[in-house]
Amino acid sequence: MHIKRVTIKGFRSYREQTFVEPFSPHHNVIVGRNGSGKSNFFFAIRFVLSDAFASLRAEERQRLLHEGAGHAVMSAYVEIVFDNSDERIPTDRDEVTLRRSIGVKNDDYYLDFKRVNRSEVLNLLESAGFSRSNPYYIVQQGKINALATATDAERLKLLMEVAGTSVYDDRRKESLDILDDTHNKRQRIEEVLMDIERRLEELEEEKQELSEYQALDKEKRSLEYAIYSDELQQHKERLEEVERKRQEISQQNLENNKSNAEMSKQIADYTEEINTIAQLTDRLDDQIAALAAEQQQKQRQLADLNISLTEEEQAVAESNTTRKSALTEYKQVQKRLQKRRKELEAILPTYITLKENKASISAQLNDCQQRHEDILRRQTRGTMYGSVEERDRHLSREIADLKEAKATDTAEAQSLARERKQKEKQLKKERKRLQEAQENIKSRRAGLEQVASKLNDLRVERNQAQNEKRRAQQAAEEVGAELSTIADHIRSCEKKLLDTANRPLRQGLASVEQVVADHGIDGVHGPLLKLITVTEQFLVAADVTGGNALFNIVVDTDQTASRILQHMNEKRLPGRVSFLPLNRLRPSTATLPPSDEYTPLVDYIAADQRFLPAVKHVFGKTFVCRELKVAQRVADQHNIDAITLEGDRVSRKNVIKGGWVDDRTNRLMLQQDIAHYAHQHTAKKAKYDELASNVAKAEQHVTNVVSKVSNAEESISKEKNAIESAQADAAPLQQSISQLEAAVPELEEQVAALTDKIARTQSRIDSLETEMGSDLESQLDQDAQQTLASLSEEIEQARTNLHAIITELSDVEQQKDTLESEINGHLEKRKQQLEQELETSDEVLKGTAIETLKTQISNTDEDLAKLKQELRAKEAERTNKEEKKSKLESEVKKLLAEQTQRDAGSDHTDEELTQLLAKRSQLREKKEKLLAQIRDLGALPSDAFQKYAETDIKTLYSKLQRVNKKLKKYSHVNKKALDQYISFSEQRDALVSRKDQQDSGDSAITELIQVLDAQKHEAINLTFKQVASHFKAVFKELVPHGEASLVMQRADPTAESQESGTLSAPDSDVPAHVRLRQTTTTAYSGVAIRVNFTGKGEDTHMLQQLSGGQKSLVALALIFAIQRCDPGPFYLFDEVDQALDPAHRSAVARMIYKASRDAQYITTTFRPELLERCDKVYGVTFANKVSHINVVSKEEAQTFIDESQD
């Protein structure tokens, strides 16, 4: 154990909060200039640990506060943290914090931040080895000098203080005080005995007359007893009669109270049931209103659905009519188209034949005309050109022109042929695209039908999901309403339970709950009544027995309770509360022999095994009895608490408490109701959570289905748009195909015409090439003329045939064009339009919509029927509830009327009971008066009780009158002489006995004082030997060549002095009485010191003969010897080396360093020797009237010491 840290604030020169870094467990040195605060630091530690500051007045505390500049310091504290790793302090903590805080009006100690008193602190330090009898744990400035200059008697006093003789002195003084008191009491007893003896002699003379008087007095008292006894018996009989009537009336009132309580409870139950029915009726009204509103909504929804169905059916009917008309027209158009196509097919062969014939005849005509022209041109050229060469040149030019024209026509024919092939390829591609578009439209229509069917199913599923959601919500709302009702019951019972406690207790329970919740404190189990279960038959007995203790908070440990109270005090929370710490409870249960008349109450209280100590603490010493008389007898015989099942209680002191107990304020019953409702609440809450989960699932299902319906509707819209888009894309394709189909034949005709033209050009070229090189002919020969004539005839014939064919072809072509125009320009387009109309019809969707509407109507009808049925059920239930409520209200009225009647009767019985109580009080007063009169008669003769038992009252009064006359003769007699004689005799005997006891006690005390003196002498002797031995060894270590010894001096100057720990026996010749009262308590007068610094015998000196430095060294040696005699955990030295020379300072430093291996030393110095042999150095600085202390290096400390010495 050692000082680990010191914290100072506001104390003397340490104004600011000063944290001293952890001290070394060995040797610590503190350096600093004079006035810097070193001594104040030691003073602060003494302030916490020393007895010198046990009790301080306000002005003394004020002087300890810092008085520097700035705001005034109103409080200060010094806190010391001890290292307790060696467990020297009896606690389980490795660190122990001790703080002393002072102010102008307060002075407090805190141990581990818990407020304690000073005696606890001193006991703790004593247990850790910090002995108060050793004054040298802390050696402040001047103490070395004081010890060096002390007298022999003062050193003896120090030795006695170390030996702890103050204990023996205190006990000796107490014993002497008792002895003096005993002597005084014995003197007073002797004086009183002398007075009693004189009085007994006087009373002996009065005994004769007194005996005669006593005989008459006995007769008188016997007669008076008989009279008083007779009257007393009469009053007892009357009192018993009054008591019997009172008990009858009380029993009747008790029964009335019980009946009233039962009726009140029944009224409360009925009222609660009425309120519950009213709440249920309100909920039923809300449900009926909701169902009616839902019914109206369903009816409106059904009407809307019927209207929508009618509209859809009308739209479908109109659509069917339009479709039917379109279908009829489509058939007609198709039939007509087929007819026109057949007519066109019939005309086409004729048209083709005529066209071929026209081409053939045209070709023949062109050929004949070409040949005819060639013959004529040849004849013309024969006359036109003068020579063959000129002609051939002209022919060459013409041939070249023809070839060029042929080439142009050939290129154009090839171009048209390529264009025709391209058109044919494009036509094929457009037809394929049209087919794909038609297939896409067909596929999408099929998909549209599937989605429409799925949409219908989804709408049905949506309606079902919505109905399921509504039913789940209704079920959850009903359970939620029940849950709310149960919660209301719980709150009502909790309020009633809290109302049974007073306001501070309620506030305390609330404060504990707040603290536990805010700080998360474990080990708090709550009030006792929440932790127990009592058999129903014993609820009243347990409630009366427990009382407010039922609200005591059960906690695991007392530390838990302390934490809660600490937080409550810190937050200044209101209230009062008691705790039952399970670790501190040691309950003892009463055990009685088995009997049918009583049973332990604790046997009928069930609780967890952990809480049984708390249960036994409250109920363990109470037994339940069948009736009050049995309870009285059991409580009196066995010294226990007894109670009846009705709550009448008899304490072990035979105090009876009881009366009628109202079950409505029974705490345990209320707690059981709370537990019952809490169980119901838990079950309902689980069911409500399940229903809420079902509602959430239903809502999620509705959301999912609605989302699917929306997606399906969106898909239908997309499919419609896609179909319309595909149809829009197909129309241009059809038009493009028609155009391509018309363009291809035209291109074929153009190619054929160009081919024929090319052939004619080639024929002319061939003719011109044949003509070249031939002779010029101006006249045609006969063959040529014949050929020309023949050609003319053929030409004319061909023209006639061509005209006829052209005329016929024109008619046929006109018919063909008319048919094609009608087919392609009208019938085909109309057919496509009708097909599009028929294909784009929403018949499927409308049919699906109708089916959906019919399904919705059917479901709505079912829902409406269910709603009507549920509405009828709710209305019937409401009617039943109203009828039940009316019956209950009627019952409540009857009970109230009966209760009022009972109250009126109770008032009458109360008046009668009041009269009986007044009469009983009067009779009791008379009875007590008679009893007092009988008691005043004193001791009666043995025959007085039966002597006049049969005598009538008149005779008794007559005899009493005669006896009173006789007694008048003895009016001068001391009527109490005999009693006084007996009384004084008894007093004398008692005083003699007391005197003997005083003499015996005087001897025992004298013997005790002698034992104390012997023990004190032995303690001084033992301590002297130990200190002398250690002093000799320590001085040898400090001065190796020197010697020193202690000399005990006897009080008797003739006796020899004892050296080096040798003592003689005390003088026993003095008488004990004189020695105890007049002599001192010790046989010694002082302790002297003999010192030799050189080791030579002639250099031995007494302490007074030494120099100042030598005296200081000897004083230090004595301090070290005392410390070795009574070692402590730590030591504080304040400039103990101040007066030593360097050699002795080094020796002291070595000794302190060696001793610091086993104990902690904290020293201050201005010299370097202690600094050289230390483990840690601290420097104290002073600025602005404020001290600070910090760790410094040895070099810094040495520099400071050097500067100080300079």
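The figures follow:
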item	result
0 to 90° range, to nearest 10: angle between helix 953-967 axis and the chain longest Cα axis	40 degrees
Relative packing of peptides 808-815, 643-650, 215-222 - highest average C-beta neighbours within 10 Å first	643-650, 215-222, 808-815
Cβ-derived FRET efficiency at R0 45 Å, ASN711 paired with HIS676, nearest 0.05	0.30
Whole-Å distance, taken between Cα centres, linking the range 22-79 and the range 511-583	43 Å
Radius 9 Å from Cβ of ILE189, net charge of other residues (Lys, Arg +1; Asp, Glu -1)	+3
Pairwise FRET efficiency - SER127 versus ARG1150, Cβ, R0 = 30 Å, nearest 0.05	0.40
Segments 927-934, 30-37 sorted - mean Cβ within 10 Å per residue, highest first	30-37, 927-934
MRE, 222 nm, helices only [DSSP H, n ≥ 4, -39500 (n - 2.57), over the chain, to nearest 500]	-25000 deg cm²/dmol
Relative contact order computed over the range 503-664 (Cα-Cα under 8 Å; 6+ residues apart), in percent	23 percent
Label point 7 Å beyond Cα of ASP999 along Cβ direction - residues of the range 171-191 with amide nitrogen under 19 Å	179-191
Mean Cα-pair separation over length for the chain, i.e. relative contact order, pairs under 8 Å, 6 or more apart, %	27 percent
GLN785 paired with GLU389, simple spin-label distance in nm, labels 7 Å along Cα-to-beta-carbon	3.4 nm
Label-point separation, ARG935 to GLU749 (7 Å along Cα→Cβ), nm	16.2 nm
Using a Förster distance of 51 Å, the FRET efficiency for TYR110-ASP608 (Cβ separation, nearest 0.05)	0.85
0 to 90° range, to nearest 10: angle between helix 166-205 axis and the chain longest Cα axis	50 degrees
Computed P(r) (all Cα pairs; the range 503-664; 10 Å bins; percent)	11, 35, 30, 18, 6, 0
Net lengthening on full extension, HIS803/ALA346 (0.36 nm per residue, minus Cα-Cα)	162.2 nm
Mean Cβ neighbour count within 10 Å, used as a protection proxy, ranking 1126-1132, 614-620 highest first	614-620, 1126-1132
Largest-first principal axis extents of the Cα set of the range 332-457 (Å)	105, 31, 12
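Bear in mind that the values in this text are calculations on the coordinates, not laboratory data. Everything numeric in this text was worked out from a predicted model, so none of it was measured. Virtual Cβ from ideal backbone geometry, glycine too; neighbours counted across all protein chains shown.
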